[in-house]
Amino acid sequence: MAAVSSMGKMYGLCFHAARQTAGVKASRLLHRRAFRISAVHQQQPFDSSLEKPQFPGASAEFVDHLEFIQPNVISGIPVYRVMDRQGNIINPSQDPQLSKETVLNFYQKMTLLNTMDRILYESQRQGRISFYMTNYGEEGTHIGSAAALEPTDMVFGQYREAGVLMYRGFSLDLFMAQCYANADDLGKGRQMPVHYGCKDLNFVTISSPLATQIPQAAGAAYALKRENLNRAVVCYFGEGAASEGDAHAGFNFSATLECPLIFFCRNNGYAISTPTNEQYRGDGIAARGPGYGMLSIRVDGNDVFAVYNATKEARRRAVAENQPFLIEAMTYRIGHHSTSDDSSAYRSVDEVNYWDKQDHPISRLRHYMTARGWWSEDDERTWRKQSRKTVMEAFERAERRLKPNPELLFTDVYLEMTPGLSKQRDSMWRHVQQYKEHYPLDLYEKQ
């Protein structure tokens, strides 16, 4: 207790000294979110006379009978939704009351993403790009969550969040440039396809190793908290990534450091070919939140309004209260994991058809719009034709564009090129000149 008291006094003295030195006004300080010292804020005074647990690591009561906690102590977490599968609002109080313009934008972004996926998937199958991953069936998780964020919020994606970037304003030309690794690619052709990133849109470049973004997001959120900028971080990942050790580190850091962070798990049923019943034994991912001291919710990921409401409220509270939130969006990956995968080897066609034909986020939102007279069959035909034309035009421009200058292989690491890198560059050019018939340099930009 004396140590706690001393810590409190020291904190007070330091705070007072800092205020005097900086000359900060008291009124301004009242509006800044304070950084709490957990030991002072949470630990109860020690009283040896009380017959109750005094262990600092948990808050509990003694019992006099032996009983192991069952794994289903937290089970059957409900799935929050706003619309049923026919697009009807279930509870009017949960209707986000979005304008016609906003809802149409949701729909057009979701369908545009779907169209882009189909064209780029086909282009990979034709050998025009090396790799691709579709977002079929998960469009509602992308657009609903992206719409609930502020443009200044920082996004850490996994590799199936192209719709989030599209909603933020990433152009079709930039999507195509990245997949084709041409001279317009913001990553200068160094990443494999679908590893997007955009500093201007606060979207951190995607990394292939699974779950590395989770602890990185915790660190970024802690930095934003320290800067007191009313910004949040959202971190996307799949239920498979939640099995990585990085997930534990990220969850624990964000909770103990009280970070304004939204963990957004897309539980789409499969981690490549591993189904959820082989991935975990607990009640999904949302059930893990309480163990880390995080507020959690499970939502219908095929209901764009449910995703929007949950993300918007989580974002508001994460910033206002400096605490992390865990959202588990239940959805289904209709497409193959990637162009390197054949999902027919581990799931049935009937299973896929059910989600594609009967419980798709795009068709659900279309039912909602049609019932309100906001969308018709003519609108659908016109938009589908227009969106495909727009995607194909961007596709053709990207295919004609030159590749980045090979010299860019050696830039953006050191301010000045090191002797080792200089030797590697000279070696590369000697090799290219010796075997120039295999390196069509006319397809690359000149310096």
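The values are calculated or read from the model by the stated rules, or taken from the named source; none is laboratory data. Small disclaimer: the values here were computed from a predicted structure and weren't measured. Neighbour counts run over all protein chains shown; Cβ positions are idealised from the backbone, glycine included. Note: accessible area is taken over every heavy atom of the protein model, side chains too, but ligands, DNA and RNA are not part of it. Shrake-Rupley method; radii C 1.70, N 1.55, O 1.52, S 1.80 Å.
I need the trypsin sites (Lys or Arg not before Pro) found in segment 246-319, filtered to DSSP loop residues with at most 16 other beta carbons within 10 Å of theirs.
R281
Leaving out ligands and nucleic acids, note down the accessible area per residue over the chain with a 1.4 angstrom probe, in whole Å².
With all protein chains present, the chain gives 54 Å² per residue.
Quick one: net charge around V63, please, counting Lys, Arg +1 and Asp, Glu -1 for every other residue with C-beta under 14 Å from its C-beta.
-3
Working out 0.36 nm times the residue gap between W429 and E445, then minus their Cα-Cα distance, what length gain in nm do you get to one decimal?
Taking 0.36 nm per residue and subtracting the Cα distance, the gain is 4.3 nm.
Which entry is the computed semi-axes √(5λ) of the Cα gyration tensor in Å for this structure: (i) 42, 32, 23; (ii) 43, 27, 19; (iii) 38, 27, 22?
Calculated semi-axes √(5λ) of the Cα gyration tensor in Å: the matching label is (i).
Between exposed GluC sites (Glu not before Pro) in the chain, where DSSP calls loop and at most 14 other Cβ atoms lie within 10 Å, what's the longest gap?
68-415
Averaging sequence separations of C-alpha pairs under 8 Å and six or more residues apart, then dividing by the length of the chain, give the relative contact order as a whole percent.
With pairs under 8 Å counted, the relative contact order is 19 percent.
Ignoring ligands, DNA and RNA, what percent of the 1.4 Å accessible area of the chain is carbon and sulfur?
53
Can you give me the span-like helices of the chain, meaning DSSP H runs with 24 Å or more of Cα extent along the axis and Kyte-Doolittle mean at or above -0.5?
Length and hydropathy pass: 2-22, 304-321.
State the antiparallel share, in %, of DSSP beta bridges confined to the chain, rounding to the nearest 5.
DSSP beta bridges in the chain are roughly 15 percent antiparallel.
Find, among the trypsin sites (Lys or Arg not before Pro) in segment 98-176, those assigned to loop by DSSP (not H, G, I, E, B) with at most 15 other beta-carbon atoms within 10 angstrom.
R128
Taking the alpha-carbon distance from K188 and a cut-off under 17 Å, which lysines remain once sequence neighbours fewer than 8 residues away in the same chain are dropped?
Candidates past the 8-residue exclusion: K199, K403, K446.
How far is the Cα center of segment 254-291 from the Cα center of segment 78-123, in Å?
23
Heavy atoms of the protein only, probe of 1.4 Å, neighbouring chains included. What is the accessible area of L201 in Å², nearest 10?
L201 exposes around 40 Å² with every protein chain in place.
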